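One structure below.
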Amino acid sequence: QGGGSAVIDMENMDDTSGSSFEDMGEMHQRMKEEEEEEAEGEAGAGEEEDGEFLGMKGLRGQLGRQVADQMWQVGKRQASRAFSLYANIDILRPYFDVEPVQVRARLLESMIPVKMINFPQKIAGELYGPLMLVFTLVAILLHGMKTSDTIIREGTLMGTAIGTCFGYWLGVSSFMYFLAYLCNAQITMVQMLSLLGYGLFGHCITLFVTYNIHFHSLFYIFWLVVGGLSTLRMVAVLVSRTVGHTQRLILCGALAALHMLFLLYLHFAYHKVVEGILDTLEGPNMPPFQRVARDIPVVSNAVLNTTAKAIALTL
Amino acid sequence: FPGLADVSISQDIPVEGEITVPVGSHSPDEDYSTLDEPVKDTIMRDLKAVGKKFVHVMYPRKSSALLRDWDLWGPLVLCVSLALMLQGGSADSKDDGGPQFAEVFVIIWFGAVVITLNSKLLGGTISFFQSLCVLGYCVLPLTVAMLVCRLVLLVGAGTVSFIIRLIVVGAMFGWSTLASTAFLADSQPPNRKALVVYPIFLFYFVISWMILTFTPQ
């Protein structure tokens with residue numbers, strides 16, 4: 001019979017059907033109305049007969065459904081509380097509150113070293129710019145890897161690129177934050193992430209240019225000038241926030257070394273080495289380069305040796 | 001209220017009526033009434049919805065049909081077909097083929113999720129799945145570009161074919177970006193549109209790059 005009436009006949013209720021969680025949400029409202037009626041019904045039945053309720057089956061079924069209903073409610077409440085606590089992206093919202101003009105200004109500022117190091121410089125704790133720069137670096141790296149026919153034995157091109165860039169950004173930021181904590185520098189984690197992220201702007205420019213124009217001397221010029229400028233900026237900002245000569249030296253040395261070496265690594269490990277670059281370097285002792293597909297670990301040693309020789313020759 | 005002091009029901013008006021109120025029946029059969037229709041109807045309805053959205057992508061106008069009834073069938077089909085076509089294209093190595101199926105799949109969905117989170121964090125009014133739907137559907141021009149590239153590569157693999165592929169992929173990349181911008185940028189505050197457009201540009205750029213550098217074995 002269709003349940004078309006709001007008055008529920010207790011005797012016709014289906015007691016033996018098990019309570020199912022899927023029905024709980026819908027039956028919850030009806031349950032409330034039923035409870036009141038059945039409470040009256042049971043009270044009445046209990047008065048009439050001593051040990052035996054009139055609707056024994058009705059009592060068990062109703063109890064079971066009540067318990068299931070309560071469990072459903074508790075579970076739902078817990079799940080929604082956990083969800084709103086952990087999956088709340090509003091925690092990150094303040095770090096993305098920027099205007100395009102601000103982003104552009106900060107990008108240009110990241111190449112200009114500050115002069116005033118006796119007064120703590122302001123660092124904007126913003127994550128949009130750094131995140132976009134890391135993704136841009138990934139895209140440029142992919143382009144470089146593809147054009148140099150780099151072969152990755154274990155893993156994929158995309159995985160390597162993303163792992164390298166994000167690993168550098170997050171890992172070096174954490175390491176520098178740890179050092180800053182040791183050296184008593186006034187900087188928070190978000191500010192460190194932001195500073196290092198904007199420092200990648202120099203890397204992006206350098207790699208974008210030198211992956212397309214293959215001159216080693218051009219790369220070295222860019223490495224020194226562009227990389228050096230962004231490093232100087234980061235170093236100056238950090239120095240302005242640290243007290244004490246030893247601490248300043250430690251922090252700046254670590255940051256400068258890691259930043260410049262990362263650019264060097266990105267260029268040589270993933271870039272096609274062109275035949276005849278020696279025309280710019282003019283060395284009689286240099287072994288000829290070859291355009292071969294190569295494994296990454298093997299080439300790093302060769303790269304280090306060659307770089308050392310090349311630097312020695314230019315000096 | 002003096003006028004209501006003597007309200008009373010006179011004896012000769014019977015108070016009667018129906019206590020039972022007809023409530024809309026919630027029997028399961030009527031709630032899921034689409035369960036009884038033939039399978040062909042269900043499939044055709046979904047296919048028509050997907051087809052309509054494809055048309056909206058190819059001729060982007062400011063309509064809200066893509067946003068209102070979002071569905072993820074179209075993006076899934078496009079993603080799977082693009083990943084299948086991109087699979088295993090590489091120069092000569094046995095170990096590292098081109099992007100594998102799983103790689104393309106993960107890039108597209110992970111990239112779409114990142115862009116959606118970014119636009120939500122920048123204060124967008126669009127919901128998570130609506131944004132995923134739009135970004136997925138706007139991969140359609142790039143899938144068409146992939147088809148064209150494969151056909152061109154069947155003919156030959158020289159400089160001319162590279163230039164043709166470059167032009168085709170570039171045009172489709174621009175079309176994808178414009179189409180998705182037309183749908184997504186409206187949900188942002190007006191001065192932050194550039195901040196949302198840039199990741200979309202980067203996302204479709206990476207997909208275009210994968211298509212352009214595809215060389216069949």
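Run the paramagnetic zone check for B:T215: 7 angstrom along Cα to Cβ, then residues of region B:141-156 with backbone nitrogen under 18 Å.
B:149-156
Taking the Cβ of A:C183 as the center, what net charge do the other residues with Cβ under 11 Å away carry, scoring Lys and Arg +1 and Asp and Glu -1?
Numbers: positive: A:R241, A:R248; negative: none.
Taking every Cβ under 11 Å from that of A:C183, the sum is +2.
State the extension gain, in nm to one decimal, for the chain segment bounded by A:L218 and A:L170, taking 0.36 nm per residue of separation less the distance between their alpha-carbons.
Details: separation 48, 0.36 × 48 = 17.28 nm, distance 2.93 nm.
Taking 0.36 nm per residue and subtracting the Cα distance, the gain is 14.4 nm.
Starting from the Cα of A:F119, step 7 Å along the direction of its Cβ; do the same at B:V106; then give the gap between the two resulting points in nm.
It works out to 4.9 nm between the two label points.
Run the Debye formula on the Cα coordinates of region A:117-281, all scatterers equal and no solvent, and tell me log10 I(q)/I(0) at q = 0.09, 0.11, 0.15, 0.19 1/Å.
Debye curve over Cα of region A:117-281, log10 I(q)/I(0) at q = 0.09, 0.11, 0.15, 0.19 Å⁻¹: -0.32, -0.47, -0.82, -1.17.
Taking the simple approach of a point 7 Å from Cα along Cα-to-Cβ for both B:V39 and A:D90, what is their distance in nm?
Distance between the two pseudo-spin positions: 4.6 nm.
Bear in mind that the values in this text are calculations on the coordinates, not laboratory data. Because the structure is a prediction, the values reported are computed rather than measured. Quick reminder, even Gly has a Cβ in these numbers, built from the backbone with ideal geometry, and neighbours come from all protein chains shown.
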